Each structure stands twice: as C-alpha cells, then as structure tokens.
1. Explain nothing, just the number: dipole magnitude of the chain about its Cα centre with +1 on each Lys and Arg Cβ and -1 on each Asp and Glu Cβ, in debye rounded to the nearest 20.
2. Any idea what the relative contact order of the chain is, in percent, if you count C-alpha pairs under 8 Å spaced at least 6 apart?
3. Just name one of Ile214, Met4, Ile263: the one whose Cα is farthest towards the positive end of the charge dipole of the chain (beta-carbon charges, Lys/Arg +1, Asp/Glu -1).
4. Report the relative contact order of the stretch 129-286, percent, no decimals, based on alpha-carbon pairs under 8 angstrom and at least 6 residues apart.
5. Provide the descending list of Cα extents for the stretch 165-317 along its principal axes, expressed in whole angstroms.
6. List, in the order given, every pair from Lys29/Lys249; Lys242/Lys313; Lys252/Lys313; Lys37/Lys326; Lys27/Lys123 whose Cα-Cα distance in the structure shown is over 25 Å.
7. Picking from Ile230, Ile144, Ile56, which is most flexible by a Gaussian network model of the chain using Cα springs under 10 Å?
8. Once you put a point 7 Å from the Cα of Lys260 and another 7 Å from the Cα of Glu26, both along the Cβ direction, what distance in nm separates them?
Amino acid sequence: MKIMLDAMGGDNAPDANIKGAVSAIEKIKAEVVLIGKEEVIRNKIKEFYGKEMEEISDRLKIKNATETIEMEDIPTQAIKHKKDSSMVVGFKMLKEDEGDVFISAGNSGALLTGATLIVGRIKGIDRPALAGILPAYHSRLVLIDAGSNTNCKPINLLQFAQMSSIYIRNTFNVENPAIGLLNIGTEETKGNELVRESYNLLKEKSKELGINFIGNVEGRDAFSGKVDAIVTDGFTGNVFLKTTEGLGKLVKASLTESLKKNILSKICAVPTLPAINRFSKMLDYKSYGGALFLGVKKPVVKAHGSSDELLFKYTIIQAEQFVENKAVEKMIHEFEKPVISD
C-alpha cells in the first residue's frame, strides 16, 4: 500500500507534514510518499533528525513537485495552471494507480476541485462531501458535509445521508446507523427552505435507499451517542465543526487551569488523573484524524489546515485504515444500484 502526503499543504507545512509522516511510519505497514520540493524535504529531514531520509525508513519516499497551491489561490485556476504543484501531482498519481490514498491539509476548495476534475466522482453522485469524525458519548459522530459544499440542494443532503450510511456501515461495522438532519428544532416545520425540503425528501426516500433517518437533530443532541451521523450543508457543517473544536479546547484549557490553581487542587487532582486523561483524549479531535471525501472514485483525505505533527500522524494511520476497509470500493458498489438524481 502507498499513502501519498502533500508535504507542502497546510499552515504548518512542510515541518508538521514531514514530522507527522516520520512519526506514523513505524505505526503502519504502508509506504508513505512525501510530495513536494525534494530538496526542501531532504534538508528538513536532515535538520530534524540528523540523518538522511533513507536511514529513517525504506518505506519513506519523496515525489518531487516544484509548485505549491496556496490557501489564497482560486481553486479552479490553481488546479488548471499549477500542473506541478504537490496537490495536482498527488491527484494524478492517485488517478493513475501510483498510490492508494492521497492526503492534503491544503486549500479545501482546490482539494475538492482536484478530486472532482482529476480523480472523478462516483457515478450517480452529484457532489462529493467531507465526512469529518468527531467524538460522541461512548461513540463517534460523522459530520457531513464538514465544509466542501457551501451551497446545497435537497438532493445533495439526501445523497450525503446515503453516503454516510454506507460509510459508517462498512467502516465502523454499525449495522443500521442512525442518520439525523441538523436543524434548529426537531419539528418537521423547523428550519430554512433547504432543511425543510431536505427533511421531506429524506422522509420520502430513506427506506428505498436504506437510510435509517431519525429526523431533525439539534446541535445539543448531536453528541448524545444516539446519532451516528448528522447531515447538513458545508457552510453550516464547517461552522459546527470549528465551534465544536473551539469548545473542546476551552474545556481542556479551563480544566487544566483549575487543577493547577493552587497546591490543594494539585494534590486532589492526583487520584483523578487517569479519568482526566481519558476525558482529555476523548475531547481531542486530533486523534480522529482527517475527513474522507465521500463520493470520489479514489480515497482522498482532507487534514485540518492547522494540522500539527500529531494530527498528521493520526491522519496517516487513519488513511491506511480507509484503504484496508475498502471504503471507496464499497461506496462505488452501492451506487451502482439505482440512485436518486435531479
């Protein structure tokens, strides 16, 4: 298996990307290909580890790419004109079966554009969507769309529900995953026009498409453990995702500050440290890795733009699992059956 990593994409590139790959290499069986400026990558590895890349692992490789797609670049123009960018080179390798999965923390719009134009959509799917994974009570929550489609139609949300259902069933072995529609209330009449129309379409087609649609879900109930996935448009989903991450950071920071406030609180905290550590780990979104682009013909994973070494490590480990679980192949198989279209 070959995992391809955009070494130049993200706020902390290439340092965090390289360090994450080195940290992950001994935790996985796959080969990791760092795509980017070869001289820069080799110099960084020598700087960080005092040795050549080949001395670290024979499963760590480099694919040279002379250009980089920046966060401020216009997605379509960047994909079309920066042919030797680390992102475009990665997509072409994926399309030509020179690798099994591609990871990037770079420009989200360019990643969606490249995945759609170069790798291609699964037949029957109108728009691919980001399926992010968040912690939930004794479980996990899939958020779709986590930020790739800011303007959606009801058909899109219906297909997001279908894709997430297939994904959860095959990846997490949940026989009949509960799929909810993110809304401001549980009543059928609540929400804007998109949500109301999507609710009606889901209610009408869910049985036919094998979706266990449980209705509208409010944000406060999303993490109850009773919902396996919540469906929404990419704009709302991205706001939800980043608000959740921010709240998690606030809780961890506040708890840490409280425990260190004085000598008495420090002493009292000692017996509870194992429980506190478990709680902290559960809240840490980094351990859940990146978001898989559902609806693309090959596995494409979006890592957080602000990914650090730890998050890249977990994303690489997660990417290997995506390939082993044949998440995309199973999605393609399911969508070969009759699907809803406009």
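Bear in mind that the values in this text are calculations on the coordinates, not laboratory data. The structure displayed is predicted, hence computed values, not measured ones. Every residue, glycine as well, gets a Cβ built from its backbone with ideal geometry; the counts of neighbours run over all protein chains shown.
1. Dipole of the chain, to the nearest 20 debye: 620 debye.
2. 23
3. Ile263
4. 30
5. 60, 38, 29
6. Values: Lys29/Lys249 32 Å; Lys242/Lys313 20 Å; Lys252/Lys313 21 Å; Lys37/Lys326 31 Å; Lys27/Lys123 35 Å.
Over 25 Å Cα-Cα: Lys29/Lys249; Lys37/Lys326; Lys27/Lys123.
7. Looking only at Ile230, Ile144, Ile56, the biggest GNM fluctuation is shown by Ile56.
8. About 2.8 nm, to one decimal.
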